[in-house]
Amino acid sequence: GIDCSGDSRMCCRKEFFVDFKEIGWEDWIIQPEGYQMNYCVGLCPLHVAGIPGLAASFHTAVLNLIKANNADAAADSCCVPTQRRPLSLLYYDRDSNIVKTDIPDMIVDACGCT
Amino acid sequence: ALKGAPCPACGLTALAPAAQRDILIALAKQSILSKLRLPDRPNITQPTSRGALLTALRGMRAQRVDTAVSPGMPRGGSVRPGMGVQEYEMLSFAESGSSTSRSTRLHFRFTQELSGSTEILQATLYLFWADPGPGTHPVTVRLLQPDPTGPNVTVASETRLEVQRAGWTTLDVGQAVQSLFSQGSQRLTVELAVAEDWRSPRLAGHSDSHWPFVAAQARARTPHRVRRR
């Protein structure tokens, strides 16, 4: 996947860190200190549909399908997460118990075009 | 898109950076609270002392190692996250209940979010005895749970301990906590009763890092997630 830089317009991963202290959540979330809430943004013109983030052979397969089925008719390609990992939290619940859990698929590591 | 120019992908004009930041932070809050099934951020009335927290976390880690070593312990199979199941580890510190010269009651509350569709994989009660004095002291540990038909409590289980020296004692309370959850109740009461003239069981003080706690591992079923390919 590609990380967004400067004024890149193609599909890429934008980093965004939410600091729990800044939003006043540091009293109930013990660990970690923040949440890396990355997201995918940018264009997916047809000639890059299925680019890395997915298997290169998938990219070729998509291109062949587009050629075979009249490019105009092809649906849009979207910039989506292709690799994600869990967010591990240690926090106080409403009874002041301490809970540790891993929330799956919360952090985007890579983006790609469908 | 550059500020003011329409976004090439959706045609909307780009948001000012400050507005975009506020929206992203609101999204992050909403996403975390919904995944933890919390209606709003909890208000912490009595944060646990750092000492008690570190002691309990060490206990939890030791318990996990034991589980890993002794396969006989009840342990759910490893489940891949994202399969509509979320695993939790929880520390519930005791609240002081009523006590007499011969008995002490402790209350443990379990979070509303976890009751219902939750399977308790393991739950262990940790009790620390301070200076019990010479000899062996029998202590009866009763697990009480609310009687679903009325205001009383029923004895879910009774265990007899022989306290000989200061230190931690652990007790498996998995069954009792599971039956609490299946009844939709969230409060476990532990009664410690001593015989003879031994003064009421000398548990460490609340501010001390040896305050009693229950360490539990639970698995909650989350609404099935559709994974689009």
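Since every read-out is calculated from the coordinates, none of them should be taken as a lab result. These figures come from a predicted structure and were not determined experimentally. Positions of Cβ are generated from backbone atoms using ideal geometry, with glycine treated the same way; all protein chains shown enter the neighbour counts.
Note on B:V153/B:E95: beta-carbon distance plugged into 1/(1 + (r/R0)^6) with R0 of 22 Å gives a FRET efficiency of 0.90.
The slack in the chain from B:Q46 to B:A62, taken as 0.36 nm per residue of separation less the alpha-carbon distance, amounts to 3.2 nm.
Remark: mean inter-chain Cβ contacts per residue of B:55-61 equal 1, using a 10 Å Cβ-Cβ cutoff to other protein chain atoms.
Between B:Q20 and B:Q175, the distance separating the two model label sites (each 7 Å from Cα on the Cα→Cβ line) works out to 5.9 nm. Among B:169-182, A:3-16, the peptide with the highest mean count of other Cβ atoms within 10 Å heads the list, and the full ranking is B:169-182, A:3-16. Between the beta carbons of B:L33 and B:A195, assuming R0 = 51 Å, the FRET efficiency works out to 0.55 to the nearest 0.05. Counting only other chain Cβ atoms within 10 Å of each residue's Cβ, the peptide B:29-35 averages 4. Highest mean packing first, where packing is the average number of other Cβ atoms within 10 Å per residue, the peptides A:82-91, B:86-95, A:98-107, A:22-31 line up as B:86-95, A:98-107, A:82-91, A:22-31.
A simple spin-label model places pseudo-atoms 7 Å from Cα toward Cβ; at A:D19 and B:R187 they are separated by 4.1 nm.
Per-residue shielding of A:102-108, expressed as the average number of other chain Cβ atoms within 10 Å of the residue Cβ, stands at 5. By other beta-carbon atoms within 10 Å, ranking B:I44, B:I32 with the fewest at the front produces B:I44, B:I32. Counted by neighbouring Cβ atoms within 10 Å, the residues A:F17, B:F128, B:F110 run from fewest to most as A:F17, B:F128, B:F110.
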